[in-house]
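For reference, the structure discussed in these notes is given below.
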Amino acid sequence: MIAHHVLFWLKADTTDEQKQAFRNGLQSLENIEVIKNLHIGTPVLSIDRPVVDTTYTFSLVVFFDDLAGHDVYQVHPVHKAFLEEFRVMFEKVIIYDAA
């Protein structure tokens, strides 16, 4: 099992409408057949602990059976379309891949 966790920091001037479009774009990724499970989240602002980062805008966690599934996802047309449309909104992105 591979967990692909992506944290997105959107630009400060991103509107609520643009944030909703971004969330919808993330949701479109679930149409990629190699994805076993997908979770989209936002920071839990009520958790106030020094070790918890709440500065990001969206979190995406995607699970694959194996590295081959992850590799298919990376070049899949739906993933590429998401990046093409929304990468201009990213201020920062950090990815954690774990086996």
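The values are calculated or read from the model by the stated rules, or taken from the named source; none is laboratory data. Just so we're clear, the structure is a prediction, and the values are computed from it rather than from any experiment. Positions of Cβ are generated from backbone atoms using ideal geometry, with glycine treated the same way; all protein chains shown enter the neighbour counts.
Filtering segment 47-75 to residues that are surrounded by fewer than 18 Cβ atoms within 10 Å (Cβ to Cβ) and of a type in the set (A, V, I, L, M) leaves ILE47, VAL51, VAL52, VAL61, LEU67, ALA68, VAL72, VAL75. Applying the condition of being hydrophobic (A, V, I, L, M, F, W, C) and assigned to a helix (DSSP H, G or I) to segment 15-32 and asking which residue is nearest to PHE86 (Cα to Cα) yields PHE22. Against the list (1) closer than 20 Å to ALA3 by Cβ; (2) modelled with pLDDT under 95, the condition ASP97 fails is (2).
The residue that is farthest from VAL34 (Cα to Cα), counting only those in segment 79-93 that are charged (D, E, K, R) and free of Cβ contacts under 8 Å to residues at least 24 places away in the same chain, is ARG87.
Mind listing just one residue for me: the one in segment 86-99 that is under 14 Å from the mean Cα position of the chain (by Cα) and assigned to a helix (DSSP H, G or I) and, of those, nearest to ASP13 (Cα to Cα)? Let's see the steps before the verdict.
Looking only at segment 86-99, we keep the residues that are under 14 Å from the mean Cα position of the chain (by Cα), and these are 86-87, 89-97.
Subsequent filtering for residues that are assigned to a helix (DSSP H, G or I) retains 86-87, 89.
On the way: PHE86: 14, ARG87: 15, MET89: 9 Å.
Looking at the filtered set, the residue picked out is MET89.
Per the listing VAL6, VAL78, the residue uniquely surrounded by 12 or more Cβ atoms within 10 Å (Cβ to Cβ), within 20 Å of ALA99 (Cα to Cα) and modelled with pLDDT of 95 or more is VAL6.
Among the residues of segment 66-77, are any assigned to a loop (DSSP other than H, G, I, E, B) and either aromatic (Phe, Trp, Tyr) or in contact (Cβ under 8 Å) with a residue 60 or more places away in the chain (or both)? Break it down into steps so the answer makes sense when it comes.
Step one: filter segment 66-77 for residues assigned to a loop (DSSP other than H, G, I, E, B), giving 66, 76.
So of that shortlist, the ones also either aromatic (Phe, Trp, Tyr) or in contact (Cβ under 8 Å) with a residue 60 or more places away in the chain (or both) come out as 66.
Yes, because at least one residue in segment 66-77 is assigned to a loop (DSSP other than H, G, I, E, B) and either aromatic (Phe, Trp, Tyr) or in contact (Cβ under 8 Å) with a residue 60 or more places away in the chain (or both).
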